[in-house]
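Everything on this sheet refers to the single structure shown next.
Derivation of every value follows stated rules applied to the coordinates shown; laboratory data play no part. All values reported here derive from a predicted model rather than from experimental measurement. Note that each Cβ is placed from the backbone with ideal geometry, even for glycine, and that neighbours are counted across all protein chains shown.
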Amino acid sequence: MKEPIYFSKVEYRDTIGGCNTNSIILLNLVEKELSYQVYGWKRQMPAIQGKATVTWSNGVEETFETISSGKVIRDNKTGFKPVLLPSELEEEDVIFSYGISITDKQMKKLLPYCNALDFEPYRNKEMSRQDEGCIGYRDEIQVHFSAITDSYIPKIDLPMYYYYDEEHIWPSEKLYRYIIKTFFERNKELKERSIPYGGLSLLGL
């Protein structure tokens, strides 16, 4: 049996709607630290308030009040008429940050979930609803796993779209579940700020 090669750092990044990052869990096994950050997003440009006019296909023209994020431009491309250029750009802001020092006793229980060799069979593997043991999927929330070691094993990234029964559960999911159940659900501040395990998901197919 091969000696275990433990990850040095593990990251779980979750996004809502597949776009902006909602939160990041970072497990630093070398420093024995677990950190959690929650992000908020806001438009970079201030909102502009005014009137907008639209002409419908039937020729009817309608003017209404509008508030939009963007800037007003006036140049030769617009015939030197003021035109609102909407902005979809957003910037992230850390709205909550929390760190935990992991005790030696906790590390002893955590390390068996962090053996990089257990994750290697899943490298470059895709998930599918047709997989044996697949029992559900994440709906609104998407979780992304990545981890590195201090050894010859390169960085690994794994999808986490679906849930599997205990016989077929991926090690990335098993570690994620253990972290949430052990460190988050037993900590009042983290429990209030995080999405519960299985939250925003459809557990049945």
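Quick notes on this one:
- In plain terms, the residue of Met160, Met107 with the fewest other Cβ atoms within 10 Å comes first and the most crowded comes last, giving Met107, Met160.
- Taken along the Cα-to-beta-carbon direction at a fixed 7 Å, the label points for Lys174 and Glu132 span 1.6 nm.
- Exposure proxy for Leu26, Leu202, Leu34, Leu158: other Cβ atoms within 10 Å of each Cβ, ordered fewest to most, give Leu202, Leu26, Leu158, Leu34.
- Computed extension gain for Ser151 through Asp139, at 0.36 nm per residue and net of the alpha carbon distance, reaches 0.8 nm.
- Summarising the label geometry, the points placed 7 Å from Cα in the beta-carbon direction at Glu3 and Leu202 lie 4.8 nm from one another.
- Legend: distances between Cα atoms for Lys32/Lys188; Lys155/Lys188; Lys2/Lys191; Lys2/Lys188; Lys109/Lys191; pairs beyond 31 Å are Lys155/Lys188; Lys2/Lys191; Lys2/Lys188.
- When each of Thr149, Thr103 is scored by the number of other beta-carbon atoms lying within 10 Å, the sequence from fewest to most is Thr103, Thr149.
- The label point for Arg186 and the one for Val30, both projected 7 Å from the Cα toward the Cβ, are 2.7 nm apart.
- Net charge, Val30 excluded, C-beta distance under 9 Å - Lys, Arg +1, Asp, Glu -1: -1
- Length available on full extension from Gln106 to Lys125: 0.36 nm per residue minus the Cα-Cα distance, which gives 3.8 nm.
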